[in-house]
1. Is there a residue being within 16 Å of the chain's Cα centre (by Cα), outside any helix (DSSP H, G or I), within 30 Å of residue 169 (Cα to Cα) and free of Cβ contacts under 8 Å to residues at least 60 places away in the same chain anywhere in the stretch 5-24?
2. Inside the stretch 47-76, can you point out the residues that are more than 16 Å from residue 146 (Cα to Cα), aliphatic (A, V, I, L, M) and touching a helix residue (DSSP H, G or I) at 6+ places or on another chain (Cβ under 9 Å)?
3. Could you look through the stretch 1-22, keep only residues that are surrounded by fewer than 18 Cβ atoms within 10 Å (Cβ to Cβ) and β-branched (Val, Ile, Thr), and pick out the one that is nearest to residue 47 (Cα to Cα)?
4. Filter the helices (runs of 4 or more DSSP H) completely within the stretch 114-208 down to those with at least 3 residues that are closer than 30 Å to residue 18 by Cβ, of a type outside the set (Phe, Trp, Tyr) and out of contact with any helix residue (DSSP H, G or I) (no Cβ under 9 Å at 6 or more places or on another chain).
5. Would you call residue 60 modelled with pLDDT of 90 or more and surrounded by fewer than 18 Cβ atoms within 10 Å (Cβ to Cβ)?
6. Considering only residues that are under 30 Å from residue 170 (Cα atoms) and charged (D, E, K, R), which ones fall in the stretch 28-57?
7. Given 88, 119, which one is crowded, with 23+ Cβ neighbours inside 10 Å and closer than 20 Å to residue 31 by Cα?
8. Looking only at the stretch 83-98, which residues are within 21 Å of residue 154 (Cβ to Cβ) and of a type outside the set (Phe, Trp, Tyr)?
Amino acid sequence: MHLLVLDGTDLSDRIATELDAAVAAVTAFWGPHWRREITIITAGTDEEFRVLAGGGPDFAASTTVEHVVFAPGAAAMGPGALRIVLRHELFHYAARQNTAADAPWWLTEGTADYVGRPHIPPPPGAAALAVLPTDADFRTTGPALSAAYDRAWWFTRFVAARFGEPTLRRLYLAACGPGHPDVDTALTRTLGMTRPEILAAWRRWLTG
């Protein structure tokens, strides 16, 4: 892996410090068979971020076929946030060849967050989170976008807790891989439950 510095800050050094652990976290979930040839770029301007990765103002980083590109604002992130974003984006890179262009965003983003975020207990009132976001929810901004990521993450947390991490990976491959069936079919084939049954079980899990 190669770091390309365009921003002139210490962000690349901080990424380098986190990189080995990020690779290990992705590999622990996804397995060892993913390509390690990647350039991680720290963009110097918002325009560079947009041109290199199509990134917008609400994103700290974005992943393409060959690159993970960090936005200039990523330099202000604390260690924990940077760790999450790096692992999230590396998962997208690792899973790219097994991810169809029309894969459901709630599962691609939720699984990336599952790899990247610490596994904290559900918060009070978590039953309200038991609603799968739509792809359109991920095209919003601000709190609505954050809420979409949170709901997707809590769903993947539920699947891993109830059925095991290997099943979450199988669900990703079934629902997101090239030639995937519709989501309801993938859910039933992988989890052995209908969507309403799964959502009800998810709600019970969130409320403990």
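The values are calculated or read from the model by the stated rules, or taken from the named source; none is laboratory data. Computed from a predicted structure; not experimentally measured. Quick reminder, even Gly has a Cβ in these numbers, built from the backbone with ideal geometry, and neighbours come from all protein chains shown.
1. no
2. 65, 68, 69, 71, 74, 75
3. Result: 5.
4. Helices (runs of 4 or more DSSP H) meeting the threshold: 142-163.
5. Against the criterion (modelled with pLDDT of 90 or more and surrounded by fewer than 18 Cβ atoms within 10 Å (Cβ to Cβ)), residue 60 does not qualify.
6. 35, 36, 37
7. Of the residues listed, the single one that is crowded, with 23+ Cβ neighbours inside 10 Å and closer than 20 Å to residue 31 by Cα is 88.
8. Listed by number, the residues that qualify are 83, 84, 85, 87, 88, 89, 92, 95.
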